[in-house]
Amino acid sequence: AAAAAAGPAAGTNNPPNNIRHAPATVLGLGVHAVVVLVRFTFQLTGTVVGLAFRLPVLRTIKRVCARALAPPPTHADGAAAARAFVANFDSKFGTTHPRFIADTYTNALRQARRSNKFLVAYLHCARHPATDSFCRETMCDETLSAFLDDGFVVWGGDVDAPEAFALHNALNATTFPLLVALHLGGNAGARNGGDVVEVWRRVGPVTPAEVIQGLAEALERFGSRLDADRQAEVARDFDRQLRAEQDAEYERAAAADRARMEAAEAARKEAAEAKAKVEAEEKAKAEAEA
C-alpha cells in the first residue's frame, strides 16, 4: 500500500502526478524580463516602420481609386478648378507669371488653336519637393513669362484636380514639375476636337533659359504644323464664305421665284374675279330683261 501511494506501478508509462517546477531565481526572472522587453520593442518598431512605409502607399491608392470612381468632371468643375489654381498660385508665388487661362484644359487647347499657337501646359504637384523652387525661380521669371505670353497659350492645373490628373495620366507623367507643349491638329471645330500632339516636354527642375531654348527649338522644328493649320483655316474660311455666298444667291433666286409665283397667282385670282363679276352682271341683266 505504501509503494502504491508513493508512485505508479513499475513498468507503466504514466508520468508521476506530483512533479513540481523548480522555483525561479531572481536572476532568472530578470533575464526573462529583459528578453520579453527586447522582443516587444522589436515588434513595436517593426509595426511602426511598416505603417510608415504603408500609409503613403495606402493614401495614394485611396486617392487614385477615389478619382477613378468619381464622375467625370463637368465644364463648370474644370473651369472652377482652373480659377482655383490661378488664385492659389497668385497667393503663394505672386502675380508675376505667365497668363494662365482660367478655363478648362479643352477650352485652352481650342483657344491655342484659334490663336494659331501651341498650348504650354504646366502640371502642378504641391507635394513634390521641387515644386516650390520651380515655381519661384522658373515660372515666376519675368523673361520667361513675357516669352510664353507672347508666343503661346498657357494653362496650368493642379494634379489633385480631376482634369489635370487625367492629363497627367494621358501624358504618362512619372515625376514633377512638368511642362509640356501641345498642338491641337485637324479641324478644331470638329465633333472630336482634332488630334492632340505633344511637341515638347521638360520634367524636373529646369531654368527659364532652358525652357525658352527648348520651346524655341520646338517652334523651329514643329512650326510647320502651325503654318499648315493657318493654311487649312484660310481654306476653310474660303469654303465657308463661298458656301455663304452660294446660299445667299440661292435664297435670292428662291425669293425672286416666290415673288413671281405670288404675282402670277395674284393676277390669276384678279382675272378670275373680274370674269366672275362680268358673268354675274350679264346674268343679272338677262334676268331683268326677261
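Where in the stretch 104-212 are there strands (runs of 3 or more DSSP E), lying wholly inside it, with at least 1 residues that are open to solvent by 50 Å² or more (accessible area, probe 1.4 Å)?
196-203
Listed here are the residues, each with its yes/no results for (1) loosely packed, with under 10 Cβ neighbours inside 10 Å; (2) under 47 Å from the mean Cα position of the chain (by Cα); (3) more than 30 Å from R114 (Cα to Cα).
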site	(1), (2), (3)
Q241	no, yes, no
D247	no, yes, no
E251	no, yes, yes
A256	no, no, yes
A259	no, no, yes
K275	no, no, yes
A280	no, no, yes
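Checking S91 against (1) more than 30 Å from A228 (Cα to Cα); (2) at pLDDT 95 or above; (3) within 13 Å of the chain's Cα centre (by Cα): exactly one of these is not met. Which one?
With respect to (1) more than 30 Å from A228 (Cα to Cα); (2) at pLDDT 95 or above; (3) within 13 Å of the chain's Cα centre (by Cα), S91 is out only on (3).
Determine the pairs where a residue that is without any contact (Cβ under 8 Å) to a residue 60 or more places away in the chain and β-branched (V, I, T), located within the stretch 123-145, has a partner that is open to solvent by less than 10 Å² (accessible area, probe 1.4 Å) and outside any helix (DSSP H, G or I) with Cβ atoms under 7 Å apart, the partner being 6 or more residues away or on another chain.
The qualifying pairs are T131/P177.
The values are calculated or read from the model by the stated rules, or taken from the named source; none is laboratory data. Every value quoted in this text rests on a predicted model; they were computed, and no experiment measured them. Here Cβ is always computed from backbone atoms with ideal geometry, including for glycine, and neighbour counts include all displayed protein chains. Ligands, DNA and RNA are excluded from the accessible area calculation, which covers all protein heavy atoms including side chains. Shrake-Rupley method; radii C 1.70, N 1.55, O 1.52, S 1.80 Å.
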